[in-house]
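*Asks:* My structure is below; once you've seen it, I'll send some questions.
Just so it is clear, none of the values below were taken in a lab; they were calculated from the coordinates. Model, not experiment: these values are computed from the prediction. Here the Cβ is made from the backbone with ideal geometry for all residues, glycine too, and neighbour counts use every protein chain on show.
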Amino acid sequence: MPDAITWSLSGPHLLAAAVLGYLLGSIPFGLVLSRLFGYGDIRNIGSGNIGATNVLRTGNKALAAATLVLDSGKGAFAALLAGLYGPEMAIVAGAGAMLGHTFPVWLGFKGGKGVATALGVLLAVSWPTGLAACALWLLTALVVRISSLSALVAIGLSPLVGWYFGGPAIAQLALFIAVLVFLRHHSNIRRLLRGEEPRIGAKKA
């Protein structure tokens with residue numbers, strides 16, 4: 001297990017990392033791409049979410065894949081860029097990117113559900129934690145074939161995985177990420193409890 005991260009930077013440095021992460025994370029790639037390719041406002045389609053899962057409902061798999069990559073990439077890029085100045089900067093920027101994606105000021109603080117961005121952040125700050133989260137998502141998806149449940153399992157277990165691979169600071173970041181993801185999945189959780197959440201590949205009514 002890596003040594004614990006020491007928080008040696010001053011408040012202004014950490015604030016700068018948080019602002020950088022927030023601005024990068026708040027870029028709504030799903031909305032931008034759907035408009036560029038003639039699908040209009042993705043918020044008027046399906047679940048109304050700006051993430052890759054809802055972009056897939058346009059029928060354009062390549063566009064959904066691009067959204068997934070870009071949403072993951074912005075989280076990873078924010079953490080890696082800030083991480084050039086220290087691991088604590090990477091953690092704060094990663095948290096900022098999550099806030100930016102889930103609560104972007106440009107969209108009235110109504111953003112995406114944060115799973116792709118979360119995986120990008122975790123891969124950047126602790127790649128074993130990120131890979132484990134991806135593996136948990138894939139394994140759960142193969143078994144239950146419910147995207148939201150797979151995401152909740154993967155992100156929900158990431159604080160424990162993060163503690164093992166990265167220590168307390170990574171676990172705390174993963175816990176912060178998990179809280180945001182669970183908050184943004186409140187409607188999915190209600191449908192899961194009612195047994196109404198659609199399975200992967202099923203068309204939304």
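*Asks:* Given bins 5 angstrom wide, list per bin the percent of all Cα-Cα distances in the range 1-144, short to long.
*Replies:* Once binned at 5 Å, the Cα pair distances of the range 1-144 give 2, 11, 19, 20, 18, 14, 9, 5, 2, 1.
*Asks:* Can you give the angle from 0 to 90° between the axis of helix 87-102 and the longest principal axis of the chain, with both taken from C-alpha atoms, to the nearest 10?
*Replies:* Helix 87-102 sits at roughly 20 degrees to that axis.
*Asks:* Once the Cα atoms of helix 168-184 and of the chain are each reduced to a long axis, what angle between those two axes, in degrees from 0 to 90 to the nearest 10, is obtained?
*Replies:* 20 degrees
*Asks:* Averaging the inverse of every distinct alpha carbon separation and then flipping it gives the Kirkwood radius. What is it for the range 73-205, in angstrom units?
*Replies:* Final number for the Kirkwood radius of the range 73-205 is 14.9 Å.
*Asks:* Here's a follow-up. Place a +1 charge on the Cβ of each Lys and Arg in the chain and a -1 charge on the Cβ of each Asp and Glu, then give the dipole magnitude about the Cα centre in debye, rounded to the nearest 20.
*Replies:* Dipole of the chain, to the nearest 20 debye: 940 debye.
*Asks:* Let me ask something else. Please arrange Lys61, Lys74, Lys113 by how many other C-beta atoms lie within 10 Å of their C-beta, fewest to most.
*Replies:* Listed from fewest to most nearby Cβ atoms, that is Lys61, Lys74, Lys113.
*Asks:* Would you calculate, for the chain, the mean residue ellipticity at 222 nm contributed by helices, counting each DSSP H stretch of 4 or more residues as -39,500 (n - 2.57) and dividing by all residues, to the nearest 500?
*Replies:* -22000 deg cm²/dmol
*Asks:* While we're on this one: How far is helix 11-25 tilted, in degrees, relative to the longest principal axis of the Cα atoms in the chain, given as a value from 0 to 90 rounded to the nearest 10?
*Replies:* Its long axis makes an angle of about 20 degrees.
*Asks:* Please identify, among Ala16, Ala76, Ala178, the residue showing maximal mean-square fluctuation in a Gaussian network model of the chain using a 10 angstrom Cα cutoff.
*Replies:* Ranking Ala16, Ala76, Ala178 by mean-square fluctuation puts Ala16 first.
*Asks:* Same structure, new question: Taking the Cβ of Lys110 as the centre, find all other residues whose Cβ is under 13 Å away and add up their charges (Lys, Arg: +1; Asp, Glu: -1).
*Replies:* Net local charge, Lys110 excluded: +2.
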